1. Students often check this: by mean Cβ neighbours within 10 Å, which of 227-235, 260-268, 48-56 ranks highest, and how do the rest follow?
2. With 27 Å as the limit, write out which pairs from LYS6/LYS29; LYS15/LYS153; LYS15/LYS149; LYS99/LYS229 have Cα-Cα distances beyond it, or answer none.
3. Between the helical axis of 103-123 and the dominant principal axis of the chain, each derived from Cα atoms, what acute angle in degrees is found, rounded to the nearest 10?
4. Could you pull out the pairs from LYS50/LYS273; LYS109/LYS136; LYS57/LYS286; LYS136/LYS273 whose alpha carbons sit more than 31 Å apart here?
5. How much length is gained on full extension from MET128 to PHE285, taking 0.36 nm per residue of separation minus their Cα-Cα distance?
6. Calculate, in nm to one decimal, what HIS38 and HIS74 gain on full extension: separation in residues at 0.36 nm each, minus their alpha carbon distance.
7. Among ARG193, ARG237, which comes first, second and so on when ranked by fewest other beta-carbon atoms within 10 Å?
8. Can you give the extra length, in nm with one decimal, that the chain gains between GLU228 and ILE111 once fully stretched, where that is 0.36 nm per residue apart less the Cα-Cα distance?
Amino acid sequence: MIVLGKKYIFNELEKEYLNKKIVYVKPKKEEIEKIISHNNFEYIILNTDKADNELIKYLTSLELKGHKFLTIEHFLENYLYKLYVPNNNTKISYLEEIKPYNKIEYFIKRIIDFSVSIPLLIFTSPIMAYAAYKIKKESPEGPIIFKQKRVGKGGKEFVCYKFRSMIPDAEKEKPQFASKNDPRIFKWGAFMRKTRIDELPQLINVLKGEMHLVGPRPERKYWIDIFEKEIPYYNQRHLVAPGITGWAQVNYPYGENALDAKQKLMYDLFYIKNWSIWLEIKTLFKTFQVVLEKRGV
């Protein structure tokens, strides 16, 4: 795959998923001809904001020879199921046109929320009872249920419920991301996070209408304020209510900084823009795989 320019750099997960040789070159006709003459590439990705008419004409001619010519925006959306987010506030029409669910879509999502959440609460009640017992046994000083304000739809805060997986007063100084092998997480807490058991109390948030089963991950205002300054279009994830699981959470394994937050935003915006019953079911199915494989974070 020939990538013209470096507006977007593919990460290792994407390279592995694509299973393709990726070569970055300058968007010049001579360099493209040289690469193509020595290699057989199927895709040519225009990964730059600038392309003269001669280059576009040449790339179009290559399509007739079996090469697929795509912009980075179209490639990411159609092949990696995420929306490109620029590093600045450049006006991108497909980002600005993202809308919240219409009345019918919202109604369908709430039907899914209730039809899954209520049986799940009943089915997992023994698991939750055991989780409460283990938390009290391993970390008796703190509460069983961890309550924390998170930002929801329209930027409004709500109280989010989770099983506590960290020692009491884990953030004495200031908020911080959890990391792999985080010493603040006790043994049973680590297991809950990997299997998503710690998220089960959020089913109450879903029934209260503060969350959906599927949606962007609810974040704390502390991080939201930082990310909205550093990441363009970050506030658009608040067009919809957050979810217990989400398209970003099942496609991007871990996040502990602004770069990861931007990657997850790309998946969240894809989900909002392209929402369908099929995408909802697919996300729930991938969540089930994450739980079985203990890949939760």
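Nothing in this text is a laboratory measurement; each read-out follows from the coordinates by a stated rule. These numbers come from a predicted model, not from an experiment. When we count neighbours, we look across all protein chains shown, and the Cβ atoms used for this are built from the backbone with ideal geometry, even at glycine.
1. In descending order of packing, they fall as 260-268, 227-235, 48-56.
2. In this structure, LYS15/LYS153; LYS15/LYS149 lie more than 27 Å apart at Cα.
3. Roughly 50 degrees between the two axes.
4. LYS109/LYS136; LYS57/LYS286; LYS136/LYS273
5. That works out to 54.4 nm of additional length.
6. Net length gain for the segment: 10.3 nm.
7. Listing ARG193, ARG237 from fewest to most nearby Cβ atoms yields ARG193, ARG237.
8. 39.0 nm
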